[in-house]
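The values are calculated or read from the model by the stated rules, or taken from the named source; none is laboratory data. If you're wondering where the values come from, they're calculated on a predicted model, not measured in any experiment. Quick reminder, even Gly has a Cβ in these numbers, built from the backbone with ideal geometry, and neighbours come from all protein chains shown. Please note that ligands, DNA and RNA were not included when accessible areas were found on the heavy atoms of the full protein model with its side chains. Shrake-Rupley method; radii C 1.70, N 1.55, O 1.52, S 1.80 Å.
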Amino acid sequence: MTIKDIARLSGYGVATVSRVLNDHPDVSEQTRRKVLAVVEEQGFQPNNNAKHLKQQASTSIAIIVKGTMNLLFADLVERLQALLRDAGQDAAVYYLDEDANEVAYALQLCRERKPMGILFLGGDLELFQAGFAPIAVPCVLLTNTARELDFHNLSSFTTDDAAAAEQVVELLAGQGHRHIGLLGGNWSCSQISSRRLTGCRNACARLGIPFDVDRQCEPCRYSMPEAYAATRVLLERCPELTAIFAVSDVMALGAIRALSDMGKRVPGDISVVGYDGIVTGQYSLPRLTTVRQDTQRLAQRGVDALLQGIQRRSPPVHELVPFQLVQGESVAQIG
């Protein structure tokens with residue numbers, strides 16, 4: 001009896017069975033119960049010697065990516081791997097669902113794989129506050145700030161999300177828009193998108209633009225299908241909207257498709273602005289107006305800080321990386 005037999009009998013893949021047997025946190029309880037029931041029924045005994053040897057091996061640097069459909073993170077992963085390779089370091093990439101507990105997963109990795117350091121792409125600060133303390137290796141959080149958490153081994157590099165969102169609203173207001181919707185994200189104060197909501201709200205208050213969060217905001221996950229559905233909900237609730245600010249380019253692209261299917265022209269009937277500056281947005285029709293994050297600088301500063309932490313136990317660094325508001329073709333003047 002092997003792990004392949006357990007996979008066949010349980011109906012799950014070998015990788016999923018392996019995660020269950022190794023007690024990884026990114027497995028649902030239902031899956032865990034079904035796999036373990038087959039293990040017990042078959043009297044399967046994992047090869048503990050091989051498992052022990054695997055646990056002793058270091059995979060050098062771990063890159064934990066929160067979300068599987070965020071194209072900004074895909075760009076960052078590619079840049080991080082290239083920079084680490086140039087520095088003579090190996091890297092293992094782990095993709096989690098955007099609702100998973102990345103800190104619990106990192107702690108599990110530290111116990112089993114013993115990485116030299118960890119790069120987090122995206123993160124919930126509440127989870128870091130609650131569970132990061134046992135992690136002893138140098139770590140870097142990209143696209144969120146850990147400055148206020150004050151951990152001795154956690155650096156962070158991010159864009160000033162609130163300031164960027166304010167610039168988006170100023171751009172739209174300058175084109176005559178006074179009915180602006182905000183699409184996507186999670187409004188929890190520990191999440192990245194909450195700062196974009198804060199910037200949007202602050203700019204509207206300063207410019208005298210009405211902004212009702214309950215009516216004009218529709219949260220959703222970072223994916224085109226979710227954004228597509230959320231856009232339809234938002235427009236049905238607020239048909240007076242003349243512009244939508246999506247908190248990621250992936251969501252903006254989903255919104256544009258939804259608007260087209262609803263018989264609305266972008267930007268003729270409604271303007272759309274994204275966030276991230278992914279390459280895809282510059283080849284969409286219309287070309288996307290967006291906040292471009294400097295992924296090269298984010299990756300470079302993140303790798304530099306992590307290697308400094310590994311090699312010299314340097315203190316943590318927290319920086320805001322400059323952004324650029326790129327005007328494409330998806331915003332039009334009204335009035």
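Scanning segment 279-302 for residues that are surrounded by fewer than 20 Cβ atoms within 10 Å (Cβ to Cβ) and of a type in the set (A, V, I, L, M), which turns out nearest to Arg85 (Cα to Cα)? Here the residue is Val279.
Within segment 109-118, at least one residue is at pLDDT 85 or above, in contact with a Leu (Cβ under 8 Å, 6 or more places away or on another chain), more than 30 Å from Ala246 (Cβ to Cβ) and crowded, with 16+ Cβ neighbours inside 10 Å. Of everything in segment 291-326 that's assigned to a loop (DSSP other than H, G, I, E, B) and more than 17 Å from the chain's Cα centre (by Cα), which residue is farthest from Ile278 (Cα to Cα)? Among residues in segment 291-326 that are assigned to a loop (DSSP other than H, G, I, E, B) and more than 17 Å from the chain's Cα centre (by Cα), the one farthest from Ile278 (Cα to Cα) is Arg313.
For Ala230, indicate whether it is crowded, with 17+ Cβ neighbours inside 10 Å, at pLDDT 95 or above and part of a helix (DSSP H, G or I). Against the criterion (crowded, with 17+ Cβ neighbours inside 10 Å, at pLDDT 95 or above and part of a helix (DSSP H, G or I)), Ala230 qualifies. Taking the condition touching a Pro at 6+ places or on another chain (Cβ under 7 Å), over 30 Å from Leu154 (Cβ atoms) and open to solvent by less than 10 Å² (accessible area, probe 1.4 Å), does Gly309 pass? Criteria not met by Gly309.
Note on segment 30-53: among residues that are open to solvent by 70 Å² or more (accessible area, probe 1.4 Å) and aliphatic (A, V, I, L, M), the one that is modelled with the highest pLDDT is Leu36. Going by the conditions given, is Gly268 at pLDDT 95 or above, out of contact with any strand residue (DSSP E or B) (no Cβ under 8 Å at 6 or more places or on another chain) and farther than 24 Å from Glu148 by Cβ? So Gly268 passes the test.
Checking each residue in segment 119-136 for being of a type outside the set (A, V, I, L, M, F, W, C) and surrounded by fewer than 18 Cβ atoms within 10 Å (Cβ to Cβ) picks out Glu126, Gln129, Gly131, Pro134. Scanning segment 242-266 for residues that are part of a loop (DSSP other than H, G, I, E, B) and surrounded by fewer than 22 Cβ atoms within 10 Å (Cβ to Cβ) turns up Thr242, Met262, Gly263, Lys264, Arg265.
Considered as a group, the residues in segment 159-200 that are basic (Lys, Arg) and modelled with pLDDT under 95 include one that is surrounded by the most Cβ atoms within 10 Å (Cβ to Cβ), and that residue is Arg196. Looking only at segment 318-335, filter to residues that are among the β-branched types (Val, Ile, Thr) and open to solvent by less than 50 Å² (accessible area, probe 1.4 Å); which one of those is nearest to Ser248 (Cα to Cα)? The qualifying residue nearest to Ser248 (Cα to Cα) is Val326. Confirm whether Val233 is among the aliphatic types (A, V, I, L, M), touching a residue at least 12 places away in the same chain (Cβ under 8 Å) and touching a helix residue (DSSP H, G or I) at 6+ places or on another chain (Cβ under 6 Å). No; evaluated as a whole, the condition is false for this residue. The sole residue among Val27, Val14 that is modelled with pLDDT under 80, surrounded by 11 or more Cβ atoms within 10 Å (Cβ to Cβ) and closer than 30 Å to Thr143 by Cα is Val27. Evaluated against (1) over 30 Å from Pro239 (Cα atoms); (2) out of contact with any His (no Cβ under 8 Å at 6 or more places or on another chain), Pro316 falls short on exactly one condition, (2).
Filter segment 207-223 down to the residues that are surrounded by fewer than 19 Cβ atoms within 10 Å (Cβ to Cβ) and touching a residue at least 40 places away in the same chain (Cβ under 8 Å) and list them by number. Residue satisfying the conditions is Ile209 alone. Restricting attention to segment 219-266, which residues are charged (D, E, K, R), under 21 Å from Val169 (Cα atoms) and under 18 Å from the mean Cα position of the chain (by Cα)? If the condition is that a residue be charged (D, E, K, R), under 21 Å from Val169 (Cα atoms) and under 18 Å from the mean Cα position of the chain (by Cα), then Asp249 is the only one that fits. Which of the residues that make up segment 90-149 are at positive phi and of a type in the set (D, E, K, R)? Lys114, the sole residue that qualifies.
Among the residues making up segment 153-205, those that are among the β-branched types (Val, Ile, Thr) and assigned to a strand (DSSP E or B) are Thr158, Ile180.
Only a single criterion out of (1) assigned to a loop (DSSP other than H, G, I, E, B); (2) over 19 Å from the mean Cα position of the chain (by Cα) is not satisfied by Gly123, namely (2). Just to be sure before I move on: is Ala92 open to solvent by less than 30 Å² (accessible area, probe 1.4 Å), farther than 25 Å from Gly185 by Cα and touching a Lys or Arg at 6+ places or on another chain (Cβ under 9 Å) in the structure I sent? Spelling it out, Ala92 is indeed open to solvent by less than 30 Å² (accessible area, probe 1.4 Å), farther than 25 Å from Gly185 by Cα and touching a Lys or Arg at 6+ places or on another chain (Cβ under 9 Å).
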